[in-house]
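Peer 1: Take a look at the following structure, please.
The values are calculated or read from the model by the stated rules, or taken from the named source; none is laboratory data. These numbers come from a predicted model, not from an experiment. For neighbour counting, all protein chains shown are included, and Cβ atoms are generated from backbone atoms with ideal geometry for every residue, glycine included.
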Amino acid sequence: MKIEDELKLMWRSLIIICTVVIYWLTLGIQPCVAKPLSFSHAMLKGRDFSGQELAGSGFANANMEGANFSHADLRGAVFSASILRNANLQGADLTDAMMDQTDFANANLTDAILASTILLRSTFDFVKIDGADFSDAMLDGVQIKWLCRRARGVNSKTGVATRMSLGCDPSNGE
């Protein structure tokens, strides 16, 4: 085969590839990437989100009383001003989540990862936090004092003790 024929074949192949790419782009074909979901302002009482991939999803101002988020991927999710009373968040990954002004009364946060999570002005009445990891989380001083009274255990994924992640005073058990 002559060099001229090889160049023609190469150009033809290049034109076909470019045509296919342009065709895909004009049709809006994009790679399959999960988009964050929005449940903001929703009534989600008792819903089952266990084990789901919900990273970056929005739950702001939602009522999720009794909802099940056990072992869900909620990294970077937004729960601002939401109700999570009696919710199950056992083993959930809430790293970098925004959970300010959230009601966690009677919620189960056992073995949850709340690293670098914003939890300012949230309420934690009778919450279960055995093994929860609060490393670098933003909490109010009153919240830390309350949580240190209940803190025990070590997170099974991060290996961080709950008391240590809260910065509890080791000398007086708080």
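Peer 1: Select, from 130, 100, 136, 111, the only residue that is acidic (Asp, Glu), in contact (Cβ under 8 Å) with a residue 12 or more places away in the chain and within 22 Å of residue 42 (Cβ to Cβ). Talk me through it step by step, then tell me what you get.
Peer 2: Numbers: 130 fails: within 22 Å of residue 42 (Cβ to Cβ); 136 fails: within 22 Å of residue 42 (Cβ to Cβ); 111 fails: within 22 Å of residue 42 (Cβ to Cβ).
Selected residue: 100, the only one of 130, 100, 136, 111 that is acidic (Asp, Glu), in contact (Cβ under 8 Å) with a residue 12 or more places away in the chain and within 22 Å of residue 42 (Cβ to Cβ).
Peer 1: Pick from the stretch 144-166 the residues that are part of a helix (DSSP H, G or I) and of a type in the set (A, V, I, L, M): which of them is surrounded by the fewest Cβ atoms within 10 Å (Cβ to Cβ)?
Peer 2: Taking the stretch 144-166 first, the residues part of a helix (DSSP H, G or I) are 144-150, 162-166.
Retained after the next criterion (residues that are of a type in the set (A, V, I, L, M)): 144, 147, 164, 166.
Numbers: 144: 18, 147: 24, 164: 14, 166: 24.
Ranking the candidates gives 164 first.
Peer 1: Any idea which of 130, 93, 169 is surrounded by fewer than 20 Cβ atoms within 10 Å (Cβ to Cβ), modelled with pLDDT of 95 or more and of a type in the set (D, E, K, R)? Let's see the steps before the verdict.
Peer 2: Working: 93 fails: surrounded by fewer than 20 Cβ atoms within 10 Å (Cβ to Cβ); 169 fails: modelled with pLDDT of 95 or more.
The conditions single out 130.
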